[in-house]
Amino acid sequence: MMCTGTAPTERRADTGDSGGPLFTKKDGKWVQLGLVSWGPTEITATSYDVNTDVLYFRDWIVTHKDSAFTDYVTSLTATNSAKTLILENLANYLYKTIKITPDTSTKHTKITIKSGTMKPYDFLIVYDGDDPLQNTMLAQLSGTLSEQSFTSSTVQGLTLAILTGKEGKSDGLIVEYSEVSDAGTNTELTCSTGYTACADKFYCLNNKLFCDSNQEGNCKDSSDEVKANCDKINKNNDTDNNDTDNNDTDNNDTDNNGTDNSNDEGDSNNTDEVEDDKSGDIRIYRTPVLLCLCLVLLFVL
């Protein structure tokens, strides 16, 4: 471990900084020295922050770095042969981006979301390009993920962003990816059920936040406060509710007629677990936090 700090109230780590990097400049270049670990609850003239000494773990990092192809992978290459990416048991507080670029410089990336489940307020976002800060969002998905495809409009490929919250865990998702010759032409923003795209298509907003009295979670262009948009959303919600009511009525009628709606005994056990054996398939599981240390190798070698 190593202690750091200057004046008691200046340049100190704070709550939420644990795991963050500690850098210093050496010969004009930034070099990582440690990882924020913990600090005092009360700042005094003699209190300091405590950091993990990265250099101390250098040999361990070098030994284990090759096995660090984990949740923290950030880029993949799409080829003519389709490959499968499987993410399971997603960690909390995750903000993960995966850039999928075509192997051939003149081709485009195509992905097909095969299946998946993201809990409420956890999202899979698809960007048209390799820079989420600048590129157009093609989809913002949550809940049960149905099969759907997206193709990049440029040779820069696609970027997947996965965001998870602090409570509960999403099961994950399965994505198939490859390179294709034809560019994508989709310009519409696909939103999850219960979400609607802002007029500027910058992102999707929960329907409950349109024309809300607290004005929380606003669209950047304020289109969520436009009455016409709210009336459209309310109409769609009413239609969905009516469909649900009708389904409930149908189910009640069926039950009253004496129909047995229970599943055949043992059906729930008849689903086989399928292992994908395509060449190049990738299965990614949640991994211990200690693998984060492997990422700092770039800064200490």
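FYI, it's all coordinate maths here, none of it is from the lab. From a predicted model like this one, the values you see are computed outputs, not experimental measurements. When we count neighbours, we look across all protein chains shown, and the Cβ atoms used for this are built from the backbone with ideal geometry, even at glycine.
From the backbone phi of the range 218-233, what are the Karplus-calculated ³J(HN,Hα) couplings (6.51 cos²θ - 1.76 cosθ + 1.60, θ = phi - 60°) in whole Hz, Gly and Pro given as x?
Coupling constants for the range 218-233: 5, 5, 4, 8, 6, 5, 6, 9, 7, 4, 4, 5, 5, 4, 5, 5 Hz.
The range 117-198: D in µm²/s via Stokes-Einstein (Kirkwood Rh, Cα pairs, 4 °C, 1.567 mPa s)?
Values: Rh = 13.5 Å.
Taking Rh from Cα pairs, D becomes 96 µm²/s.
Kindly write out, for the range 114-125 in residue order, the coupling ³J(HN,Hα) from the Karplus curve 6.51 cos²θ - 1.76 cosθ + 1.60 (θ = phi - 60°), rounded to whole Hz, with x marking Gly and Pro.
Calculated HN-Hα couplings, in order: 7, 5, x, 9, 10, 5, x, 6, 9, 9, 10, 10 Hz.
Does the range 166-207 come out rounded, prolate or oblate, given a ≥ b ≥ c as the square roots of the eigenvalues of its C-alpha gyration tensor, rounded meaning a/c under 1.5 and, failing that, prolate meaning a/b above b/c? The partial results should precede the final answer.
Values: a/c = 3.42, a/b = 1.18, b/c = 2.91.
Oblate, since a/c reaches 1.5 and b/c is not below a/b.
Between Asp131 and Phe23, what is 0.36 nm times their sequence separation minus the Cα-Cα distance? Round to one decimal in nm.
Details: separation 108, 0.36 × 108 = 38.88 nm, distance 2.52 nm.
Length gained between Asp131 and Phe23: 36.4 nm.
Cα-based Rg (one decimal) and Dmax (whole number) for the range 65-172, in Å?
Spelled out, the Cα radius of gyration and Dmax of the range 65-172 are 13.7, 42 Å.
Out of every Cα pair in the range 81-239, what percent are spaced more than 22 Å from each other?
Numbers: 5585 of 12561 pairs.
The share of Cα pairs beyond 22 Å in the range 81-239 comes to 44 percent.
Name the trypsin sites (Lys or Arg not before Pro) in the range 179-233 that are in a loop by DSSP and that have at most 15 other C-beta atoms within 10 Å, would you?
Details: sites: Lys201, Lys208, Lys220, Lys227, Lys232; in loops: Lys201, Lys220.
Sites meeting the loop and neighbour criteria: Lys220.
Checking the a/c ratio against 1.5 first, then a/b against b/c, what shape does the Cα gyration tensor give for the range 180-231? Walk me through the intermediate numbers first.
Numbers: a/c = 2.94, a/b = 2.53, b/c = 1.16.
Here the range 180-231 falls in the prolate category.
For Gln148 and Asp231, compute 0.36 nm times the residue count separating them, minus their Cα-Cα distance, and round to one decimal in nm. Present the calculation step by step, with values, prior to reporting the outcome.
Details: separation 83, 0.36 × 83 = 29.88 nm, distance 2.84 nm.
Contour length minus the Cα-Cα distance gives 27.0 nm.
Tell me the Kirkwood hydrodynamic radius of the range 94-133 in angstroms, computed as one over the mean inverse distance between distinct C-alpha pairs.
Working: mean 1/r = 0.0804 Å⁻¹.
It works out to 12.4 Å.
Between their Cα atoms, which of Lys166/Lys220; Lys166/Lys227; Lys166/Lys208; Lys83/Lys169 are more than 31 Å away from each other?
Values: Lys166/Lys220 25 Å; Lys166/Lys227 33 Å; Lys166/Lys208 21 Å; Lys83/Lys169 25 Å.
Cα-Cα > 31 Å for Lys166/Lys227; rest within.
At a Förster distance of 35 Å, what's the computed FRET efficiency of Thr46 paired with Ala91, Cβ-Cβ distance as r, to 0.05?
Values: r = 37 Å, r/R0 = 1.05.
Given R0 = 35 Å and the Cβ-Cβ separation, E is 0.45.
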